[in-house]
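All remarks here apply to the structure that follows.
What follows draws every value from the coordinates through simple rules; no lab data is involved. Quantities reported herein were computed from a predicted structural model and do not represent experimental measurements. As a convention, Cβ positions derive from the backbone with ideal geometry for all residues, glycine included, and neighbour counts pool all protein chains shown.
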Amino acid sequence: MINNIDFSELKNQYIRNEPYPHIIIDNFLEEKFCKDLEMCFPGHKEDFWLKYNNPVEKKLLYNKLDNIMPEKIKDTLLFLNDIHFLKKLEVLTNIGNLMSDPKFHGGGMHCTKRMGKLDVHVDYSLHPELKLERRINLILYLNSDWDKSYGGSLELWNKDMTKCVKSIEPKFNRAVIFNTTDISYHGHPSPLMCPENKCRKSLAWYYLTKPQKTVSERYRARFVARPSDPKDEKIEKFRKDRSELSKTKKLFDIE
């Protein structure tokens, strides 16, 4: 399933990359297998998607390992949750005792259609159910016919939110792995300009450890504005409220 990748050779590059530890791995999976994943990935018009539609995120998500999720996608999600792959991630990231999330909280299948977006943010630090610390994100893109003009590149910002340090196109069979910390600002905040019949497809995994002594207690993602974003007090208030666990369900416009 996974191509022959020597994670130990990528370790130094991963740790030294700016603005925070990360790596981009093209041809991550065997090409035919990855093409099969793309072909069985559900369309954005299906009614089972969990739909987020608010000022900072317009996206579709599905993470239930049930009969709705295509079998091959389910198998892939579970394979990269297995201890054998966790050991490879530990070598790459130099983070020991990694654990996977069996319920894929916030992960699984992600789909963004035309005009969709995900504003720049840092992820939750503590899993709201398992109370473990989120340490690593892995995103795999499944867009073989994606044109650069559609947008949707993953932006990695510096800790001061003054500069986008890296912009990563969501190319087919490209995996992006990065540390999840208090300064790992990322997102694809500009509305997608893809045709109505297309969507930005990806799979997402999040890896955890027991909480470190220095961990911040953040149970929801914290969204921030880019320097170029217009000043809007209502949206800024939404960003603040969005990060508070007690208010989250009231704020989401989930269909």
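Can you tell me the convex hull volume per residue for region 143-239, based on C-alpha atoms, in Å³ to the nearest whole number? Walk me through the numbers on the way to the answer.
Numbers: hull volume 13.9 nm³, N = 97.
Measuring per residue, one finds 143 Å³ for the Cα hull of region 143-239.
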*Using θ = phi - 60° and the Karplus curve 6.51 cos²θ - 1.76 cosθ + 1.60, what whole-Hz ³J(HN,Hα) does each residue of region 109-125 get, with Gly and Pro shown as x?*
8, 10, 9, 10, 9, 3, 6, x, 6, 9, 4, 4, 7, 10, 6, 4, 8
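Take every Cα pair under 8 Å in the chain that's 6+ residues apart, average their separations, divide by the length, and report that relative contact order as a whole percent. Please report the intermediate quantities before stating the final value.
Numbers: 523 pairs, mean separation 66.5, N = 255.
Over the chain, the number comes to 26 percent.
What number, in nm² with one decimal, is the all-direction average of the projected area of the convex hull of the alpha-carbon atoms of region 182-248?
Working: hull surface 28.6 nm².
One quarter of the hull surface, i.e. the mean projection, equals 7.2 nm².
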*Give a residue-ordered list of calculated ³J(HN,Hα) values for region 48-59 (Karplus: 6.51 cos²θ - 1.76 cosθ + 1.60, θ = phi - 60°; whole Hz; x for Gly, Pro).*
7, 4, 7, 9, 9, 9, 9, x, 10, 8, 10, 7
*Residue-wise HN-Hα coupling along region 138-153, computed from phi with Karplus coefficients 6.51, -1.76, 1.60 (Hz; x: Gly, Pro)*: 10, 10, 10, 8, 10, 10, 6, 10, 7, 9, 4, 5, 6, x, x, 5
_What translational diffusion coefficient, to the nearest whole µm²/s, does the chain have by Stokes-Einstein, given a Kirkwood radius computed over alpha-carbon pairs, a temperature of 37 °C and 0.692 mPa s viscosity?_
176 µm²/s
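Using the C-alpha gyration tensor of region 37-117, what are the square roots of 5 times its eigenvalues, in whole angstrom, with the largest one first?
Working: eigenvalues 142, 54, 23 Å².
That gives 27, 16, 11 Å for the three semi-axes.
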*asked:* Can you compute the charge dipole magnitude of the chain about its Cα centre, using +1 on each Lys and Arg Cβ and -1 on each Asp and Glu Cβ, nothing else charged? Give it in debye, rounded to the nearest 20.
replied: 660 debye
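List Met69, Met39 from most exposed to least, where exposure is judged by having the fewest other Cβ atoms within 10 Å. Please list the in-between numbers first.
Details: Met69 20, Met39 11.
In increasing order of surrounding Cβ atoms, one gets Met39, Met69.
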*Between the DSSP loop rule and a limit of at most 13 other Cβ atoms within 10 Å, which GluC sites (Glu not before Pro) in region 50-153 are left?*
Glu129
